[in-house]
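Just below is one structure, and these are the notes that go with it.
Since every read-out is calculated from the coordinates, none of them should be taken as a lab result. Predicted model, so just to flag it, every value in this text is computed and none were measured. Here the Cβ is made from the backbone with ideal geometry for all residues, glycine too, and neighbour counts use every protein chain on show.
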Amino acid sequence: MQEQSLQTVFALLTEWYHVYKRDLPWRRTKDPYAIWVSEIMLQQTRVEAVKPYYARFLEELPTIRHLAEADEEQILKLWEGLGYYSRVRNMQAAAKQVMAEYDGKMPADHKALLRLKGIGPYTAGAVASIAFSLPFAAVDGNVLRVMSRVFADERDIMLQQTKKAWEEEINDALTGEIAGDVNQALMELGATVCVPNGEPKCENCPLRTLCLAYQKGNPMQYPVKSEKKPRTKEYLSVCFMTDGKRIALRKRDSKGLLANLWELPHVPKEYALPMAFADWGIQQAEIKNMRGQKHIFTHIEWHMDAYFINVKAMADTPFQWVTIEEAKEKYALPSAFKKIWAEGLDMLEDMEYEQIHL
DNA sequence: AACTCGGGGGC
DNA sequence: GCCCCAGAGTT
């Protein structure tokens, strides 16, 4: 791409952006911390999903110091349901870094930002350009899609060399003051006009006249992406286990999927339930069937059988027995278990009702 | 370079 | 179903 045409793209884009940009919460602040929080939340996550989390998070942890000093249980609870939980654990690690190395203030320095946990090329560019008006690219999926279409570029955007090439290209063309708006304009266009699924709205696009994919009449052919591998299936027997008042939760391992979150006890489906009970110290229990559930992760599918377990007698168990109120306040439960959780609460309520009217 | 790591909305 | 989303860390 010639330098010249990229400058033209930026000019058309920022002009359009000033008129059509959405009023988003994180566009109302200049606080680098708030902008940082928004960028972490927005990684691989849609704007509408982020909004309620963003407001609640900043309300409870309004400064970098609050984040650095918070309990991990609290930050995971604030992230509950948003996914990619290592984002918030890395952000807290970075907040501690900022407290120790930068006196609690986000460094206005691209290289320093890149050294913080959880801040990669995209987020470093976004914070540097939006919060500090520094001339750095912020290349995300939107930018890659827009660029691929405008220049009818056939390179596979799944390859990191393609992303890196665009970063360098855009970096070279950016100047200080406008970088934040250019980056946001590229993303805004990608999110609202040059959309990822379905027909792009080329009739509303400020780049229509110079877009090569539009000229060729095949914008949907871009960007070129290599295929991803299929998901593996896992089959589980999940237990909503109660003693009548409290419910058994189990803390997940500190590494891997859903690290450090809480879960309903479960075993692989081929593992017999009485065997699991023996392992767990459950000596006497009443078992009712619940609805099975399926949950899809990026690379795994969980096919879950579910059981309501009314425990009558038990020894020591490896579980945390919590009340419903405690669970709601303090324990981050992944979305994978939410339907079984809700049905379990209903059955628990019915059970209490029957006891009273016996 | 390939894998891992969530969840949900749109079609 | 399948797409992919304001990506980063690990191997």
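Just checking: which of the strands (runs of 3 or more DSSP E) contained wholly in segment A:214-313 hold 3 or more residues that are surrounded by 11 or more Cβ atoms within 10 Å (Cβ to Cβ) and within 16 Å of DNA strand B (Cβ to nearest atom)?
Values: elements: A:232-242, A:247-251, A:266-268, A:282-296.
Qualifying strands (runs of 3 or more DSSP E): A:232-242, A:247-251, A:282-296.
Which of the residues spanning segment A:1-47 are in a helix (DSSP H, G or I) and among the hydroxyl-bearing types (Ser, Thr, Tyr)?
Applying the first criterion (in a helix (DSSP H, G or I)) to segment A:1-47 yields A:3-20, A:25-27, A:32-42, A:47.
Those that are in a helix (DSSP H, G or I) and among the hydroxyl-bearing types (Ser, Thr, Tyr): A:Ser5, A:Thr8, A:Thr14, A:Tyr17, A:Tyr20, A:Tyr33, A:Ser38.
Inside segment A:82-113, can you point out the residues that are within 16 Å of DNA strand B (Cβ to nearest atom), of a type outside the set (S, T, N, Q) and in a helix (DSSP H, G or I)? Break it down stepwise before answering.
Filtering segment A:82-113 down to residues within 16 Å of DNA strand B (Cβ to nearest atom) leaves A:82-93.
Add one more test, that the residue is of a type outside the set (S, T, N, Q), and what stays is A:82-85, A:87-89, A:91, A:93.
Listed by number, the residues that qualify are A:Arg87, A:Val88, A:Arg89, A:Met91, A:Ala93.
Any residue in segment A:332-350 that's touching a residue at least 24 places away in the same chain (Cβ under 8 Å) and part of a helix (DSSP H, G or I): show its pairings with residues that are among the hydroxyl-bearing types (Ser, Thr, Tyr) and more than 8 Å from DNA strand B (Cβ to nearest atom) at Cβ separation under 6 Å, as long as the two are six or more apart or on different chains.
Listed by first residue and then by second, the contacts come to A:Leu348/A:Thr242.
Any idea which of A:Ala336, A:Ala342, A:Ala332, A:Ala306 is among the aliphatic types (A, V, I, L, M), touching an Asp or Glu at 6+ places or on another chain (Cβ under 6 Å) and under 27 Å from A:Leu76 (Cβ atoms)? Please lay out each step first, then the result.
Numbers: A:Ala336 fails: touching an Asp or Glu at 6+ places or on another chain (Cβ under 6 Å); A:Ala342 fails: touching an Asp or Glu at 6+ places or on another chain (Cβ under 6 Å); A:Ala306 fails: touching an Asp or Glu at 6+ places or on another chain (Cβ under 6 Å).
Sole residue among the options that is among the aliphatic types (A, V, I, L, M), touching an Asp or Glu at 6+ places or on another chain (Cβ under 6 Å) and under 27 Å from A:Leu76 (Cβ atoms): A:Ala332.
Which members of segment A:13-40 meet the condition of being buried (at least 18 other Cβ atoms within 10 Å of the Cβ) and near DNA strand C (Cβ under 8 Å from one of its atoms)?
Result: A:Trp26, A:Ser38, A:Glu39, A:Ile40.
Can you tell me which residues in segment A:37-72 are in contact (Cβ under 8 Å) with a residue 40 or more places away in the chain and either in contact with a Gly (Cβ under 7 Å, 6 or more places away or on another chain) or among the hydrophobic types (A, V, I, L, M, F, W, C) (or both)? Reasoning before the result, please.
So the first thing to find is which residues in segment A:37-72 are in contact (Cβ under 8 Å) with a residue 40 or more places away in the chain, and the list is A:37, A:39-41, A:43-44, A:47, A:63-64, A:72.
Of everything in segment A:37-72, those that are in contact (Cβ under 8 Å) with a residue 40 or more places away in the chain and either in contact with a Gly (Cβ under 7 Å, 6 or more places away or on another chain) or among the hydrophobic types (A, V, I, L, M, F, W, C) (or both) turn out to be A:Val37, A:Ile40, A:Met41, A:Val47, A:Ile64.
Which one is surrounded by the most Cβ atoms within 10 Å (Cβ to Cβ) among residues in segment A:160-213 that are within 18 Å of A:Glu39 (Cβ to Cβ), hydrophobic (A, V, I, L, M, F, W, C) and within 16 Å of DNA strand B (Cβ to nearest atom)?
By that ranking, first place goes to A:Met187.
Do we find that A:Ala191 is in a helix (DSSP H, G or I), closer than 26 Å to A:Ile64 by Cβ and under 26 Å from the mean Cα position of the chain (by Cα) in this structure? I'd like the intermediate steps shown before the answer.
On the way: in a helix (DSSP H, G or I): yes; closer than 26 Å to A:Ile64 by Cβ: no; under 26 Å from the mean Cα position of the chain (by Cα): yes.
No.
Any residue that is within 16 Å of DNA strand B (Cβ to nearest atom), farther than 30 Å from A:Glu154 by Cα and crowded, with 20+ Cβ neighbours inside 10 Å - is there at least one of those in segment A:57-71?
Start the filter on segment A:57-71 by keeping residues that are within 16 Å of DNA strand B (Cβ to nearest atom), which leaves A:57.
If we keep only those that are farther than 30 Å from A:Glu154 by Cα as well, we get A:57.
Subsequent filtering for residues that are crowded, with 20+ Cβ neighbours inside 10 Å retains A:57.
There is at least one residue in segment A:57-71 that is within 16 Å of DNA strand B (Cβ to nearest atom), farther than 30 Å from A:Glu154 by Cα and crowded, with 20+ Cβ neighbours inside 10 Å.
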